[in-house]
1. Which of the residue pairs A:106/A:385; A:171/A:350; A:106/A:140 have a Cα-Cα distance greater than 32 Å in the structure shown?
2. Quick check: convex hull over the Cα atoms of segment A:309-384, volume per residue in Å³, rounded to an integer?
3. For segment A:153-235, state the average projected area of the convex hull of the C-alpha atoms over all orientations, rounded to one decimal in nm².
4. Amide H neighbours of residue A:163 under 5 Å, at least 5 residues apart or on other chains, H built in the peptide plane: list them.
5. What number comes out for accessible area per residue over segment A:309-384 if the probe is 1.4 Å? Units Å², please.
6. Grab the alpha carbons of segment A:193-235, take their convex hull, and tell me the volume per residue in Å³.
7. Excluding ligands and nucleic acids, what accessible area in Å² is computed for residue A:121 using a 1.4 Å probe, to the nearest 10?
8. Order A:136, A:166 by their accessible area, 1.4 angstrom probe, all chains in place, largest first.
Amino acid sequence: ILEKPLWIKLSNTSSSGATQTSHSGRPHTRTQQPKSIISTMETQVSNGPSGTSLPNGPVISSNGATDDSKTNLIVNYLPQNMTQEEFKSLFGSIGEIESCKLVRDKITGQSLGYGFVNYVDPNDADKAINTLNGLKLQTKTIKVSYARPSSASIRDANLYVSGLPKTMSQKDMEQLFSQYGRIITSRILVDQVTAGISRGVGFIRFDKRNEAEEAIKGLNGQKPLGAAEPITVKFANNPSQKTGQALLTQLYQTAARRYTGPLHHQTQRFRLDNLLNASYGVKRFSPITIDSMTSLAGVNLTGPTGAGWCIFVYNLSPEADESVLWQLFGPFGAVTNVKVIRDFTTNKCKGFGFVTMTNYDEAAMAIASLNGYRLGDRVLQVSFKTSKQHKA
DNA sequence: TCGGATT
């Protein structure tokens with residue numbers, strides 16, 4: 001059997017996953033969907049199959065182990081509330097699944113926002129990438145790509161970087177880190193309101209944990225070329241590792257929306273139906289299967305994809321703590337984060353704090369209602385946070 | 001009187 005040279009596969013198959021950027025290879029059926037604000041950028045270098053096996057069927061390597069490099073997919077950026085069943089429904093609509101797993105936090109049981117799907121047929125894995133990569137579910141744009149072979153050495157290789165100069169691009173950051181090893185993914189978080197200004201924090205995932213360790217040793221506390229401040233480089237937390245309170249708030253909001261469903265709901269449901277039917281024919285269509293997805297499909301289609309709306313609260317008392325902010329702002333809607341700014345040595349509140357709310361309308365209502373509100377003997381000033389403290 | 005940040 002003749003096999004095409006690898007480079008032909010790579011160059012004529014946008015979906016091969018061998019060189020995959022987060023928004024390439026998106027199926028035509030989604031190109032007319034409303035685009036939400038993309039608050040982050042990401043690229044991914046090659047992690048696809050190595051190309052030494054036959055195009056179809058299970059591949060047995062020399063040591064007798066099954067090579068699942070053409071059937072096993074990793075799915076990233078799943079909505080927090082997606083269940084194992086919904087995950088299986090979505091990917092099972094493509095073809096027969098050998099196994100799949102939504103990865104959860106060992107202790108809390110919370111989804112870590114990613115999972116693995118291993119298909120029986122490599123063609124289905126390819127189809128899944130073509131069809132489902134880039135699919136928008138709630139506030140997330142899921143990423144579907146070939147999984148790297150499981151190995152202890154690739155675990156815990158993800159770094160969190162802060163203090164980056166605002167002018168540093170993702171490419172700059174990759175260049176800085178690439179001296180320590182092969183970068184699998186990188187991302188710089190950007191401000192959602194100004195649509196694209198760096199927040200000065202980001203992520204770098206290396207291929208190997210020891211590469212990540214070396215990068216910490218080499219770059220933590222260092223000033224990048226021409227930068228005024230040193231950067232902080234440390235191992236990243238798990239995705240969506242939130243405060244207990246924020247998590248409860250989010251779960252509450254999610255549960256409420258399942259039953260009150262916004263107007264987007266029906267539109268989005270049709271979109272998902274069309275996607276699956278158009279690609280695979282009605283015979284794969286199961287109303288029950290699709291119904292199990294609708295709770296995920298309708299929420300917040302065009303809403304902010306980033307951190308939310310940040311509110312500045314001034315004139316808090318020195319004794320103020322986080323709970324007062326939760327109590328003040330919680331009634332207006334989804335609060336994802338509160339922070340009281342304290343003096344480092346006295347640990348007393350410096351008179352101000354921040355509240356992040358998910359929805360613009362709720363944030364605006366909270367500001368309108370709470371600005372000028374009398375808390376004890378103080379009158380609060382409440383406004384959207386400004387991006388710069390412009391001194392006169 | 002506008003931090004630190006966790007995809």
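The values are calculated or read from the model by the stated rules, or taken from the named source; none is laboratory data. These numbers come from a predicted model, not from an experiment. Cβ coordinates were reconstructed from backbone atoms using ideal geometry, including for glycine residues, and neighbour counts include every protein chain displayed. Ligands, DNA and RNA are excluded from the accessible area calculation, which covers all protein heavy atoms including side chains. Shrake-Rupley method; radii C 1.70, N 1.55, O 1.52, S 1.80 Å.
1. Details: A:106/A:385 36 Å; A:171/A:350 37 Å; A:106/A:140 23 Å.
From A:106/A:385; A:171/A:350; A:106/A:140, over 32 Å: A:106/A:385; A:171/A:350.
2. Working: hull volume 5.4 nm³, N = 76.
Measuring per residue, one finds 71 Å³ for the Cα hull of segment A:309-384.
3. So the mean shadow area of the Cα hull is 4.9 nm².
4. A:232
5. Details: 4040 Å² over 76 residues.
Per-residue accessible area for segment A:309-384 comes out at 53 Å².
6. Once divided by residue count, the hull of segment A:193-235 is 101 Å³.
7. Counting only protein heavy atoms, the figure is 60 Å².
8. These residues rank, largest area first, as A:166, A:136.
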